[in-house]
1. Report, to the nearest whole %, how much of the accessible area of the stretch 5-73 belongs to carbon and sulfur atoms, 1.4 Å probe, protein only.
2. Give me the distance in nm between label points sitting 7 Å out from Cα along the Cα-to-Cβ direction at A176 and A65, one decimal.
3. If we sort 10-16, 146-152 on the protection proxy, mean other Cβ atoms within 10 Å, highest first, what's the order?
4. Can you list the HN-Hα couplings for the stretch 66-74, worked out from phi with the Karplus curve (6.51, -1.76, 1.60; θ = phi - 60°), rounded to whole Hz and with x for Gly and Pro?
5. Output ³J(HN,Hα) for the stretch 121-136: one whole-Hz value per residue in order, computed from phi by the Karplus curve 6.51 cos²θ - 1.76 cosθ + 1.60 with θ = phi - 60°, and x for Gly and Pro.
6. Given 10 Å bins starting at zero, what is the percent of C-alpha pairs of the chain in each, up to the one with the largest pair distance?
7. Starting from the 7 Å offset along Cα-to-Cβ, what nm value, one decimal, do you get for the label separation of H184 and A98?
8. Using just the helices of the chain, give the 222 nm mean residue ellipticity in deg cm²/dmol: DSSP H runs with n ≥ 4 each add -39,500 (n - 2.57), and the total is spread over all residues, rounded to 500.
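The values are calculated or read from the model by the stated rules, or taken from the named source; none is laboratory data. Just so it is clear, the model here is predicted, and its values are computed rather than measured. Every residue, glycine as well, gets a Cβ built from its backbone with ideal geometry; the counts of neighbours run over all protein chains shown. Side chains are part of the model used for accessible areas, which takes the heavy atoms of the whole protein and leaves out ligands, DNA and RNA. Shrake-Rupley method; radii C 1.70, N 1.55, O 1.52, S 1.80 Å.
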Amino acid sequence: MDFQALYDQATAAQRNGDLPEAERLYREILAGAAIPEVMVNYANLLARLGRGVEALAQYDRALSARPDFFEAHFNRANLLLEMKRPQDAAAGFDRAVAARPDAAGAWNNRGTALRAARRPEDALQSYDRAVALAPGHVGALTNRAIVLFDLRRLDEALAAADRALAAQPGFAGALATRGNILRHLGPLTEALA
């Protein structure tokens, strides 16, 4: 069996939106070989199909075969966050950043999980790490502003929102966050400035 050819067909089917065919091909590959990369792509497909429990099982299989597999930890944690399991997601992002401490996106998502778990100070530290790794990461900059707002550190939150807008002028999330912060700082007319 030519696993690479099947894998190429499966990823092409997934990219083209033929999800049943992609699933069939991933299952065919996995029936013949336990390849962690295939397990993760199959899990991503299952998550996209709304079959989260099955997806988690595939991520776990991939991690059993390759415990330091960043993409498996990262995607599994993202799914847990989508499933409204922020504590579990935060633990998963901890494992992802242990595998790849330079992954700004993982630090950002870790912060989002920690914020959802009502751990704003820990979330702020995670966003700070993401920004240290990628100073122009507009998502991390905006999330940093949001968590500073949550902590009622409004002047710092405003500066963080402005930094996000400097990184990407017109970014809707940062504009909305800035407006919300200004609404709490002073007259509404300033929020529109």
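1. On the way: 1650 of 3280 Å².
Of the solvent-accessible surface of the stretch 5-73, carbon and sulfur hold 51 percent.
2. The modelled label-to-label distance comes out at 3.9 nm.
3. On the way: 10-16: 15.9, 146-152: 19.3.
Answer by packing, highest mean first, reads 146-152, 10-16.
4. Residue by residue, the stretch 66-74 yields 9, x, 9, 6, 3, 4, 5, 4, 5 Hz.
5. Listing the rounded values in order: 5, 5, 4, 4, 4, 5, 4, 4, 5, 4, 5, 5, 6, 9, x, x Hz.
6. Taking all Cα pairs of the chain, the binned fractions are 10, 29, 27, 20, 10, 3, 0 percent.
7. 3.4
8. Details: 12 runs with 153 residues, N = 193.
-25000 deg cm²/dmol, from helical runs alone.
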